[in-house]
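The values are calculated or read from the model by the stated rules, or taken from the named source; none is laboratory data. Here the structure is a predicted model, which means the values were calculated and not measured. Positions of Cβ are backbone-derived with ideal geometry, glycine not excepted, and every protein chain shown enters the neighbour counts.
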Amino acid sequence: MVARNFQRRSWRFGIDVKEIQALIVPRRLRLKKKFVPIPQIRGLIGGMNIQVAVLCDAATDDNGKLNLLGAFDTICAPQMPVMHPQCAVALRVTFTTGDEGKHTLQLNFMDADGRSIMPNFPSIQVEVTLPEDIHFVTRNFIVGFQQLKFAVAGLYSVDVRFDGQSQASIPLQVRHVQPSPV
């Protein structure tokens, strides 16, 4: 019953800080407020927040603004295997003071069995530093892919990992569609 009430409160009104603090925060650092909205508590606990993770035709970063063109989750092909000419994975990630330091971003296209369809894709090194008067920083990551080959129709995903831990998964469906007779 306590767990159900906690879930209801955390989803609707915010997280009961005292319940969380009893588990993770030393007594001298505990907050005086009873309830804090969820976005505010994330910064206290630490951990990056992936705001956007999408597969699209193209993306750009214009002075911190993430621009997406043609977000998709399905590729329809008249024959298999299919070669997708070009796409991009676009990420918008918020880092807090607890995330400062060096991180490794890894992207991996995987089939439904968990096998990589591009096993040797290089990782991306990310350095996070926040000025003293800033509580969080948001960064956009855009990674372009060309000539992606899908051998069979089925479910695929893009696994997004920071420091070896999975943070997001972008689903992709590849469908074999028979051309309609004219």
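Out of curiosity, is Thr104 under 16 Å from the mean Cα position of the chain (by Cα) and closer than 21 Å to Gly164 by Cα?
Values: under 16 Å from the mean Cα position of the chain (by Cα): yes; closer than 21 Å to Gly164 by Cα: yes.
Considered against the rule, which asks whether it is under 16 Å from the mean Cα position of the chain (by Cα) and closer than 21 Å to Gly164 by Cα, Thr104 comes out as yes.
Of a type in the set (Val, Ile, Thr) and exposed (fewer than 11 other Cβ atoms within 10 Å of the Cβ): which single residue out of Val137, Val143, Val182, Val128 fits that description? Please lay out each step first, then the result.
On the way: Val137 fails: exposed (fewer than 11 other Cβ atoms within 10 Å of the Cβ); Val143 fails: exposed (fewer than 11 other Cβ atoms within 10 Å of the Cβ); Val128 fails: exposed (fewer than 11 other Cβ atoms within 10 Å of the Cβ).
Exactly one of Val137, Val143, Val182, Val128 is of a type in the set (Val, Ile, Thr) and exposed (fewer than 11 other Cβ atoms within 10 Å of the Cβ), namely Val182.
Please find, among Val17, Val89, the residue that is over 21 Å from Gly144 (Cα atoms), surrounded by 11 or more Cβ atoms within 10 Å (Cβ to Cβ) and either outside the structural domain of Gly144 (by TED's automatic domain parsing) or modelled with pLDDT of 95 or more (or both). Walk me through how you get there before you give the answer.
Numbers: Val89 fails: over 21 Å from Gly144 (Cα atoms).
The unique qualifying residue is Val17.
Spot the failing condition for Val152; the list is (1) surrounded by 11 or more Cβ atoms within 10 Å (Cβ to Cβ); (2) touching a residue at least 40 places away in the same chain (Cβ under 8 Å); (3) not in a loop (DSSP other than H, G, I, E, B), and only one is missed.
All conditions pass for Val152, except number (3).
Is at least one residue of the range 110-121 loosely packed, with under 13 Cβ neighbours inside 10 Å and either modelled with pLDDT of 95 or more or assigned to a strand (DSSP E or B) (or both)?
Scanning the range 110-121 turns up at least one residue that is loosely packed, with under 13 Cβ neighbours inside 10 Å and either modelled with pLDDT of 95 or more or assigned to a strand (DSSP E or B) (or both).
Look at Phe145 and say whether it is touching a Cys at 6+ places or on another chain (Cβ under 7 Å) and either assigned by TED's automatic domain parsing to the domain that holds Thr94 or of a type in the set (Gly, Ala, Ser) (or both). Before you say what the answer is, go through the steps one by one.
Values: touching a Cys at 6+ places or on another chain (Cβ under 7 Å): yes; either assigned by TED's automatic domain parsing to the domain that holds Thr94 or of a type in the set (Gly, Ala, Ser) (or both): yes.
Taking the combined requirement at face value, the residue satisfies it.
Scan the range 43-63 and tell me whether some residue there is among the small types (Gly, Ala, Ser), surrounded by fewer than 16 Cβ atoms within 10 Å (Cβ to Cβ) and at pLDDT 95 or above.
Checked against the condition, which is being among the small types (Gly, Ala, Ser), surrounded by fewer than 16 Cβ atoms within 10 Å (Cβ to Cβ) and at pLDDT 95 or above, the range 43-63 yields at least one hit.
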